[in-house]
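To start, the structure under review is shown below, and the notes come after it.
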Amino acid sequence: YSLKEDLAVVLDEIAATVGGRVVFMTRPEKAEDFLPYRKLFDPDGHHLSSEGHKVLADRISQLLEHLSIVENPRVGSWDIVGDDMCVSWFLSGQCPFKVHGDGVKMISWAADNKNHLYKYGLEFPKGGKIMFNNPFNKPMALYLDFMLEGPFPGIYPITEIIVETFGPNGSILSKPFYINPSVDRAVHFVQPAFIGTVPPGDIIVHVRPLEKGKKEAFRIAGINISEINDRFATPDVHIIQPQECALLRQEQAPAANLRLSGFADPKSIQIKENNNMSRVTVVKFVCDNVLNG
């Protein structure tokens, strides 16, 4: 939206559909006047600072003074998007699923000012698997919540994900999906990634970190399944095509100039355009170290 007034109208309309309210932080009219507001954000420019949280809490408190509070609000599936199952252990450290793998464990890397741990993730230093169930009697979209960090080269390794499902004739393995958990800016947060469509029943997500020498192991913070629709765009997940490895072998096409304009979107059968250098990095690494041309 080019005008913030347009955005405000749209957000109010969305909030009205669920009986919600929108609270805005104060902000400058012009970008060059942003400096006094910088204190409201952490150094990564993405999360609120302690002062920013206080400002937001005060605004919410002022709003609540004029609203009635529902003691037992309805909890259930979203009216519009349908069924879903969202399981996160990012704040609790409690994963209800079966997990296997050498060295796989739940870790925390942050504490508040009272030394209470928070920000948890399952760590996969040598690979492993998560086992759970799609309880719905229909195919659902599977999302994996992983930790994303930057700037490049990042602290987490490029990782291979394979989904195992089960049919009448036994187990079925998906194509490998590759995740690069690094970005070109200074951030550290949970990123949902669309992995594929899964049938009802048991599901196993196989996790295999590929890069050596990274500071931290690949971390997963949650598993979500939802109705098959266009809820998320996830450029962090890649399917590598054989022709891309062939392109790498051509001396006239070094990695820095790869024309990786056509790639398979795991959400559809379409070939989409992508000029992201992160994909070039993933393709080169996977072709050189996994597929070996």
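Across segment 95-112, in residue order, what do the Karplus-derived ³J(HN,Hα) couplings come to in whole Hz, using 6.51 cos²θ - 1.76 cosθ + 1.60 with θ = phi - 60° and x for Gly and Pro?
For segment 95-112, the Karplus curve yields 9, x, 8, 6, 10, 9, x, 5, x, 5, 7, 8, 10, 10, 10, 8, 9, 7 Hz.
By the scheme Lys and Arg +1, Asp and Glu -1, what is the net charge of all other residues having a beta-carbon under 13 Å from that of ILE172?
My count for the surroundings of ILE172 gives -1.
Above 19 Å lies some portion of the pair distances; for segment 118-180, what is it as a whole percent of all C-alpha pairs?
45 percent
Need one number for segment 50-207: average projected area of the convex hull over its C-alpha atoms, nm².
Its average projected convex-hull area is 13.1 nm².
Over segment 107-229, with every protein chain in place, what whole percent of the accessible area is carbon and sulfur at 1.4 Å, could you tell me?
That fraction is 53 percent.
Report the net charge of residues surrounding GLY127, where surrounding means a beta-carbon distance below 9 angstrom and charges are Lys +1, Arg +1, Asp -1, Glu -1.
+1
Work out from phi, with θ = phi - 60° and the Karplus expression 6.51 cos²θ - 1.76 cosθ + 1.60, the ³J(HN,Hα) of each residue of segment 222-228, listed in order in whole Hz, and give x for Gly and Pro.
My calculation for segment 222-228 gives x, 10, 10, 10, 8, 4, 6 Hz in order.
Relative contact order, percent, of segment 32-179 when contacts are C-alpha pairs under 8 Å separated by at least 6 residues?
Normalised by residue count, the contact order of segment 32-179 is 12 percent.
Under 12 Å from the Cα of LYS105, which aspartates and glutamates turn up, not counting those fewer than eight places away in the same chain?
Straight-line reach from LYS105, under 12 Å: GLU123.
Using a 10 Å cut-off on Cβ atoms, rank the peptides 169-180, 107-118, 92-103 from the highest mean neighbour count down.
Put in order of decreasing packing, that is 169-180, 92-103, 107-118.
Can you give me the convex hull volume of the Cα atoms of segment 138-229, divided per residue and expressed in Å³?
So the per-residue hull volume is 97 Å³.
Tabulate in residue order the Karplus-calculated ³J(HN,Hα) for segment 42-54, using 6.51 cos²θ - 1.76 cosθ + 1.60 with θ = phi - 60°, rounded to whole Hz; enter x for Gly and Pro.
Coupling constants for segment 42-54: 5, x, 6, x, 10, 8, 6, 7, 4, 5, x, 5, 5 Hz.
The values are calculated or read from the model by the stated rules, or taken from the named source; none is laboratory data. Note that the structure is a prediction, hence the values are computed from the model and not measured. In this analysis, Cβ positions are derived from the backbone assuming ideal geometry, glycine residues included, and neighbour counts consider all displayed protein chains. Please note that ligands, DNA and RNA were not included when accessible areas were found on the heavy atoms of the full protein model with its side chains. Shrake-Rupley method; radii C 1.70, N 1.55, O 1.52, S 1.80 Å.
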